[in-house]
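Worksheet: the structure to be examined is printed underneath.
The values are calculated or read from the model by the stated rules, or taken from the named source; none is laboratory data. Predicted model, so just to flag it, every value in this text is computed and none were measured. Glycine gets a Cβ as well: all are built from the backbone with ideal geometry, and neighbour counts include every protein chain shown. Surface areas here come from the heavy atoms of the whole protein model, side chains and all, with no ligands, DNA or RNA. Shrake-Rupley method; radii C 1.70, N 1.55, O 1.52, S 1.80 Å.
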Amino acid sequence: MHKISTRLINSGKQESQLSINTINPPLHRASTVLFDSYADMLKANQGRFEGIEYGTSGLAAQKAFESAMTELEGAHGCRAFQSGIAAIAMVLTAFTAQGDHILICDNVYGPTRRFCNEMLAKYGVTTEFLPSASGADISGFIRENTRLVFMESPGSNTFEIQDIPAITKVCREKGIVTVMDNTWATPLYLNPFKLGVDVSIQSATKYITGHSDILLGTVSATEEHWETFEKCCGIYEAFASQEDCYQALRGLRTLQVRLRQHEKSALEIARWLSGHEAVESVIHPALESHPQHEIWKRDFTGSSGLFGFTLREDLENKDHALFVDSLKLFGLGYSWGGYKSLITGGRFQRTNPFGYEGKTIFRLNIGLEDPQDLMDDLDQGLGRI
Ligand SMILES: Cc1ncc(COP(=O)(O)O)c(C=O)c1O
């Protein structure tokens, strides 16, 4: 019999001895993963081991979530990261090198722009921003050294749509990698791979996890681009939290049910706002009034709960503040896709083909509350000004 200190360390069955068959994956807490034999360790030393050799390789919950996303998106593979922006940064790092030129749609999420301007620039990658409603006209921006085109459609603040098939057609002919931030539509309402995109990104922080309590991102890619991407992830030893991946997998199970409600309520509220006397315009791709509604209808199978609107021109900053600060049901905070309704507002210093340049755009994340209560709250807020 070993001494008590040794028994304290070695007592209890290891996971491999506890074959319990649950519906959901186990939650591992692990840095070290044990090898079955010295031969396996030697293989790992030489980079030839096929299994999981360390916590950063991805443990059960991460693997389960990644394989579910791979299947849902029709990708070759998927990797999870600590946040959406970490996923974006990994893609931009994996597919660029010194001397490259890349094209980024002007409506991208702010930190995506910042990563290009402040980090990639440091390593000799030149970023050029494309008009947000680009399509086949992208040809005019392509240079000899253009390596990557990054789309976000619709843009998550200004809601311009890109003509994705037209862009991917041009890029395929020239061997340029196309990347799509598909967070707004989720894999349920848009399949980027069917439209010719090479790499699809989700901020799973939004609809996939759905409860404003987790930060998580995913990257899925085609077989052609998988090896390049995986190699970069391996060099960074990038991984995601097991608990967060577990919750994301749980989120996927109810995504369709939640998203249907977000969509229905958001459309009802967007239509109602369109007729409100204090509102100048509502910017929602699924409304006929959106200038690119026809492209949206062609490519997307649904809309989510995030859209924007502007107020009458004669209203000033103090009116905006009065309106926002008087809302009772809308939280004032960043991010979206969760069950609670949120509002953000601000001026976007970027080009806009539809006349919103320099205007204050309010953005609503419509949550799962009763839509009539939300409209009553907006109405009382707008009534203050
Ligand atoms: C369109 C879009 N992509 C990516 C991100 C980044 O996601 P995360 O908050 O998970 O870093 C956001 C965040 O708001 C977003 O709106």
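Points to keep in mind about this one:
- Positive minus negative residues near GLN349 (Lys, Arg vs Asp, Glu; Cβ under 14 Å): +3
- Sites LYS328 and LYS122 - FRET efficiency at Förster radius 45 Å, r taken between beta-carbons, to 0.05: 0.50
- Given charges at Cβ of Lys, Arg, Asp, Glu: the chain dipole, positive-most of ILE164, THR112, GLN372: THR112
- Share of alpha-carbon pairs per 5 Å distance bin for the range 283-385, given as whole %: 2, 11, 20, 23, 21, 16, 6, 1, 0
- Placing pseudo-labels 7 Å out from each Cα toward the beta carbon at ARG143 and GLU50 gives an inter-label distance of 4.5 nm.
- Using a cutoff of 8 angstrom between alpha carbon atoms and counting only pairs six or more residues apart, the relative contact order for the chain works out to 16 percent.
- Fully extended contour minus Cα-Cα distance, from GLU237 to HIS28, at 0.36 nm per residue: 73.5 nm
- When its C-alpha radius of gyration is set against 2.2 N^0.38 Å (N residues), the chain gives a value of 1.10.
- Euclidean distance of C-alpha centroids, the range 135-166 and the range 249-288, integer Å: 25 Å
- Excluding ligands, DNA and RNA, the accessible surface per residue across the chain is 48 Å² with a 1.4 Å probe.
- If the chain linking HIS2 and ARG271 were pulled fully straight, counting 0.36 nm for each residue of separation and taking away their Cα-Cα distance, it would gain 89.5 nm.
- Cross-link partners for LYS318 among the lysines, with Cα-Cα distance under 21 Å and sequence neighbours closer than 8 places in the same chain left out: LYS328, LYS359.
- Mean Cβ count within 10 Å, highest first, over the residues of peptides 38-50, 210-222, 90-102: 210-222, 90-102, 38-50
- GLY51 sits among other residues whose Cβ lies under 15 Å from its own Cβ, and their net charge, with Lys and Arg +1 and Asp and Glu -1, is -2.
- Per-residue ellipticity at 222 nm, computed for the chain from helices alone with -39500 (n - 2.57) per DSSP H run of at least four residues, works out to -11000 deg cm²/dmol.
- Helix 242-274 axis, angle to the chain major axis (alpha carbon atoms, nearest 10°): 10 degrees
- The label-point distance for ILE9 and GLN349, in a model that sets each label 7 Å from Cα toward Cβ, rounds to 5.8 nm.
- Contour excess over end-to-end distance, with Cα ends at PHE35 and GLU369 and 0.36 nm allotted per residue: 115.3 nm
- Helix axis angle, 84-94 relative to the chain longest principal axis, alpha carbon, degrees: 70 degrees
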